[in-house]
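Encoded as structure tokens, the structure appears first; notes follow it.
The values are calculated or read from the model by the stated rules, or taken from the named source; none is laboratory data. The structure displayed is predicted, hence computed values, not measured ones. Counting neighbours? That spans all protein chains shown, and the Cβs are built from the backbone with ideal geometry, glycine included. Heavy atoms of the whole protein, side chains included, go into the accessibility calculation; ligands, DNA and RNA do not. Shrake-Rupley method; radii C 1.70, N 1.55, O 1.52, S 1.80 Å.
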Amino acid sequence: MASVGGWGQTTKVPSFAQILKKNLSPQEPPSADTQIKACLASAYSETEDGIAKITQVTAHLMKNTDATYVTGPPLLPVEPDIPVEALSSPRPCAGKRSFVREKIASVLKEKFLDLVEKYPQFKSCGSSLAAFVMEKDGQEWEVVAIGTGDFNYSQSTLNDGRILHDSHAIVSARRSLLRYFYRQLLLFYSGNTVMMNKSIFIRQPETDLLSLKQNLNLYLYMNQLPKGAAQISNLDLSPHSLSAQEANDQLSLHISVEGKSYPVFFQPQDITNHISSISATDKLTKWEVLGVQGALLSIFIQPVYVYSIIVGDANCNSTRGLEIALKQRIDDAFTSRLPMFYLVNKPYISIVTAANSVQTASGNCFSLNWSQGDSSLEIVDALLGKITKSSPFKSGHTMASRLCKAAMLSRFNLLVKESRKEDIGCGLTYHEAKRRALPYQEAKSLLKSYLKEHGYGIWIEKPDIIGFFTV
């Protein structure tokens, strides 16, 4: 699992034991409570910076303890023990943490300007800039993936895997991050000791899956708040000033169509035949439970969680809506229902100096992407889902993006070969390969059911036929 700290020596995302300890119901039978406490007492060992650690074996034991958990909170009012005002208040943190977040924004700005230096016509795309930054030992920060964009595909459905259906900034950045992960996994499976040591991944002795090295933290930067429920920063959640129905609509799942966002409950009639994608905010919600690695890579690695989300202050003065969307819609106790290694990860959220200015919307439908190891930028026409003629990087005559599903399946097949995992099989369709990630698919199904049960709406999926292709 991803580490999530770095202010002392090594910190981690909340361990299974910490999550369970936090969310045990007061009504638990004494026997279950006694078992949990005994596990905690024997499993924790304090590091020099005071962070508790726990073994994977003990975490597995504790995750499967038969205990009663509280259910998720109602949509309204906000949980009484977490004042609404506190959601928009800055989290108390050491000066070093503030320095790190500003440093990340500065490093990202420098990297983006360097990438567009030869292509000034694309600099304005940075209004929607999103990026993943890897922190090492709390002292080094490296931009590993970048994406921009405000639109998604607007044409009819194709099933050759060579169309990008969603080119919003965080989606492009995250798909670029997957390309970075593939490169790092190929380093690990190279068999060369020097190259293996350079990889960000390491094998865990208790499982066949790899995980991020413990001294690494993953940050997500966004130049703007993502579309969907995160943009309700001005919403007054007082039950006396807003009807429950209106609040539920705003906090519900959203879909994005041609740059616009709609609650899943109210789709305008004229968009029913258009290709739509679940909103960027809802994808963040998905990643806080399933991780950012996706189904294909879940066959090789444990979930990778984002430690901290950083939002640029160019047109954002409050992260209140984002805090509510990510930290109130899913209760911590949901972890108890998830497969091994999956949990409800709630990243730190903060505002920093924007890495790029936000310009007035001009209908720019270009989406940029880059990941560490790329020689140049790729420019995609988001409405067409294909590379533009002016793109510095071109993959071939089909003009398919290096972020498309077919490209990901090709990398997956190569990784299967290099890792010598004969049990996975070869020649699978994209859909079949994703279904091989059984724990990931189980966690995804549980998440969709949870959101529906708690009144947030039905998770919109693209038709399976989109994945019925091979490479």
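From the list 369, 364, 315, the one residue that fits, being assigned to a strand (DSSP E or B) and either surrounded by fewer than 20 Cβ atoms within 10 Å (Cβ to Cβ) or modelled with pLDDT of 95 or more (or both), is 369. Scanning the stretch 411-444 for residues that are closer than 30 Å to residue 344 by Cα, open to solvent by 60 Å² or more (accessible area, probe 1.4 Å) and in a loop (DSSP other than H, G, I, E, B) yields one hit, 436.
Does residue 383 satisfy the criteria of being assigned to a loop (DSSP other than H, G, I, E, B), aliphatic (A, V, I, L, M) and buried (at least 16 other Cβ atoms within 10 Å of the Cβ)? Quick ask: steps written out before the conclusion?
Working: assigned to a loop (DSSP other than H, G, I, E, B): yes; aliphatic (A, V, I, L, M): yes; buried (at least 16 other Cβ atoms within 10 Å of the Cβ): yes.
Yes, satisfied.
Out of all the residues in the stretch 163-172, is one or more more than 19 Å from the chain's Cα centre (by Cα), open to solvent by 40 Å² or more (accessible area, probe 1.4 Å) and more than 15 Å from residue 368 (Cβ to Cβ)? So far as the stretch 163-172 goes, no, none of its residues is more than 19 Å from the chain's Cα centre (by Cα), open to solvent by 40 Å² or more (accessible area, probe 1.4 Å) and more than 15 Å from residue 368 (Cβ to Cβ). Taking the conditions (1) of a type in the set (S, T, N, Q); (2) part of a loop (DSSP other than H, G, I, E, B); (3) free of Cβ contacts under 8 Å to residues at least 40 places away in the same chain in turn, residue 197 satisfies each one other than (2).
Could you tell me whether the stretch 175-192 includes any residue that is open to solvent by 10 Å² or more (accessible area, probe 1.4 Å) and without any contact (Cβ under 8 Å) to a residue 12 or more places away in the chain? There is at least one residue in the stretch 175-192 that is open to solvent by 10 Å² or more (accessible area, probe 1.4 Å) and without any contact (Cβ under 8 Å) to a residue 12 or more places away in the chain. Residues that are under 25 Å from the mean Cα position of the chain (by Cα), among the aliphatic types (A, V, I, L, M) and within 20 Å of residue 165 (Cα to Cα) occur at least once in the stretch 448-462.
The set of residues from the stretch 136-152 being outside any strand (DSSP E or B), open to solvent by less than 10 Å² (accessible area, probe 1.4 Å) and within 23 Å of residue 227 (Cα to Cα) comprises 148, 149.
Look at residue 160 and say whether it is in contact (Cβ under 8 Å) with a residue 60 or more places away in the chain, among the charged types (D, E, K, R) and either open to solvent by less than 10 Å² (accessible area, probe 1.4 Å) or within 17 Å of residue 410 (Cβ to Cβ) (or both). So residue 160 passes the test.
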